[in-house]
């Protein structure tokens with residue numbers, strides 16, 4: 001118990017030290033941003049199928065501008081793309097009324 005508090009404080013700091021950092025000038029000014037990420041996420045299913053047969057097609061733009069591209073890509077897939085479709089809705093509207101019979 002004596003070492004629990006220092007371990008709880010030291011673990012996030014140690015893991016945080018492993019996080020990758022990027023220089024500000026490493027991103028090209030014409031790199032895809034949020035809107036391209038949104039578009040690429042939206043067309044992901046088609047781009048993925050095409051990428052299986054065409055080696056010059058990718059489903060993710062590299063290099064991109066980082067977090068904003070990733071956020072747009074995520075929204076494109078989850079909100080506007082594949083994850084937004086309700087393909088199967090389960091409803092229960094049948095009520096079964098069964099009377100139990102006694103078996104002698």
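With both labels modelled 7 Å from their Cα along Cα-to-Cβ, the residue 71 to residue 8 distance reads 3.1 nm. Ordering of 62-70, 48-56 by packing is 62-70, 48-56, highest average first (other Cβ atoms within 10 Å, averaged per residue).
Read-outs: derived from the displayed coordinates by stated rules, not from any lab. Quick caveat: nothing in here was measured; it's all calculated off a predicted structure. Here Cβ is always computed from backbone atoms with ideal geometry, including for glycine, and neighbour counts include all displayed protein chains.
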